[in-house]
């Protein structure tokens, strides 16, 4: 997600934030935020809200303090007004809606970060988005490696064989540096995966090569460690070539902060969001 997109989406949500001035409470109306999150129909968006309230209860928060039902008067043309039901949403409520929305929507992906942070400063939002992208890339790599391990186990390769295949793939990707050499080079603890300390581009590269191996192992009906190793090495070599054409040498990139540590920070900040999220109280305007 580039900076122009981040600024556009940030402004779209900043424009509709409301404040209960006497209580310094920030909130958003569900019907106003619906379109800003990529939803056109209230029927579909209300289903996401329902899921969010379930998540709210599961987290130990009180639903009514974050999702406040109200009735509003709206213009329907020719100066005529009618009542419609709406919902006042705290930052935490909006965060839960984003977490339960369609992640394929660009607006939802952005909102997951926008509402997670306690400030609307763009640089902090950008930093959190980069973290989320790295966490997402790591999760995809874990899933593809799990699938590969399962696939090759059925084709005569045990756990130790999988480790050898993965290390030789790393050697091809990192220009002759196998997994152990790269862990030493980047000061990765012996009991931790190399990928937890790699930048997003390298994690994505490893995932692409692994997905290619998964695909070809099944499509070519490969069997045994030698043939699968050869396939995985070729795929990593191809990915390395693509990176090289763009001036990227994965073995020269500096390590990133431990993803496990960052995950703990995210979980901690999520808990703080519940605690610090301003609570909606019934106002005189509610009808």
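Comparison of 198, 208, 243, 262 shows that the only residue that is modelled with pLDDT under 95 and at negative phi is 262. When residue 15 is tested against the conditions (1) closer than 23 Å to residue 270 by Cβ; (2) without any contact (Cβ under 8 Å) to a residue 12 or more places away in the chain; (3) loosely packed, with under 13 Cβ neighbours inside 10 Å, the lone failure is (1). Across segment 249-276, the number of residues qualifying as under 16 Å from residue 132 (Cβ atoms) and either part of a helix (DSSP H, G or I) or out of contact with any helix residue (DSSP H, G or I) (no Cβ under 7 Å at 6 or more places or on another chain) (or both) comes to 14. Taken as a whole, segment 57-66 holds no residue that is under 21 Å from the mean Cα position of the chain (by Cα) and at pLDDT 95 or above. Looking at 163, 169, which one is surrounded by 15 or more Cβ atoms within 10 Å (Cβ to Cβ) and assigned by TED's automatic domain parsing to the domain that holds residue 226? None of the others qualify; the one that does is 169. Of all the residues in segment 96-135, those that are assigned to a helix (DSSP H, G or I), exposed (fewer than 15 other Cβ atoms within 10 Å of the Cβ) and modelled with pLDDT of 90 or more number 1.
Residues in segment 73-95 that are part of a strand (DSSP E or B) and crowded, with 17+ Cβ neighbours inside 10 Å: 86, 87, 88, 89.
The values are calculated or read from the model by the stated rules, or taken from the named source; none is laboratory data. Model, not experiment: these values are computed from the prediction. Please note: Cβ atoms are built from the backbone with ideal geometry, for glycine as well, and neighbour counts cover all protein chains shown.
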